[in-house]
Structures are given as structure tokens and as C-alpha cells.
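Written out below as C-alpha cells is the structure these notes cover.
The values are calculated or read from the model by the stated rules, or taken from the named source; none is laboratory data. The model shown is predicted, which means the values in this text are computed figures rather than measured ones. Using ideal geometry, Cβ is built from the backbone for each residue, glycine included, and neighbour counts are taken over all protein chains shown.
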Amino acid sequence: MFSDVVVIYFPLRGSTYWRYLLEILDRAGMLECKPCFTPVDTNPKVAADDGALVSDATDFRSLAGALQYLTFTRPDIAYVVQQVCFHMHDPQEPHHAVLKRILRYICGTLHLGLLLRPSSSADFRFTLMLIGLAVKTHASPPRAMLCSSGDNLISLSSKR
């Protein structure tokens, strides 16, 4: 049922999704950029008042919004995109650097994404999965809550 969650490989090169990713990279002038394989640097969070203002705030907002839309199929970038979007009202150069890092990550991971497809069933299902066993402790085992509509995963939450 959730085989698309285990491996989120998305090989549809000619798809609308693929073209959307390439259009975002093209708009940013980063089609030929050096890819990176983590969406965020391990440095502390960027403060709201660090650095100079970006030269084109409209372009920054447009790219941040495009990435925000992309988080529907790329939950791996949801947190860092949210952090960038906190600064859309007054973007500064360090925020722009974070945005560019996300785009470099997208460039290096074009094959990743959740596959959403039409489904004949619109039934909502909630599934609780135990991911491991609590061995020699009184702690509860790790678990995941999956919510789906038809064959499409809508939400995934995990707790220890």
C-alpha cells in the first residue's frame, strides 16, 4: 500500500513535475550549479537582521514561493523552506544564500519526490505502524502515523 513512501524515487524525466523543477532552477540561473546533498548547512539559524538587503526581493519571494509549493512532493525540504519563508518580508543576503543552497540540493536530487497520482478511491485511511520493538526498556517503541487518500500518502508523522 505505501511502497511509494519507502523509496521516493521519481524517474519521470518528461513529466510536468520534472519540468517544474527545471524551470525553478532556470529562473534562478542555477541549471548548471554544483549540486549539494543536504538542503541546509549545519550552521546556526540565520537571524532576521544579518547582512545587506537582497538586490531583487521580488525574485527572492518568487523562488521561495515556488519552493514552498514544491514541499507538497518534497517533504525533505519542508523545514528549510519554511525557515526561508519567514524572511520573505525583508530578505537579506544570508537568506538568499540559504535559498541558493536549497536550489543546489534540488539540483542534486532531481530524482526524489513523492508520486501523487489519480486514484479511483477517495477513502481516507489512518494507519499506525510500530517501527521497532522496545528492547529491555519501558519506553514505547517508535511508531509512525500514516494518513492516505486512496493510494496517495497525505501525511506522515513519526514519534518515539
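Couple of notes before you dig in:
- Positions within segment 90-114 being farther than 16 Å from residue 38 by Cα and touching a residue at least 40 places away in the same chain (Cβ under 8 Å), in sequence order: 90, 92, 93, 94, 95, 96, 114
- Tabulated pairs, segment 60-89, first under 21 Å from residue 17 (Cα atoms), second small (Gly, Ala, Ser), C-beta under 7 angstrom, 6+ apart or interchain: 63/28; 71/78; 73/113; 74/113
- The set of residues in segment 33-42 that are modelled with pLDDT of 90 or more and more than 12 Å from residue 110 (Cα to Cα) comprises 33, 34.
- Selection from segment 1-28 of residues that are modelled with pLDDT of 50 or more and either under 16 Å from the mean Cα position of the chain (by Cα) or closer than 28 Å to residue 55 by Cβ (or both): 17, 18, 19, 20, 21, 22, 23, 24, 25, 26, 27, 28
- Residue check for residue 51: modelled with pLDDT under 90, over 19 Å from residue 18 (Cβ atoms) and not basic (Lys, Arg): yes
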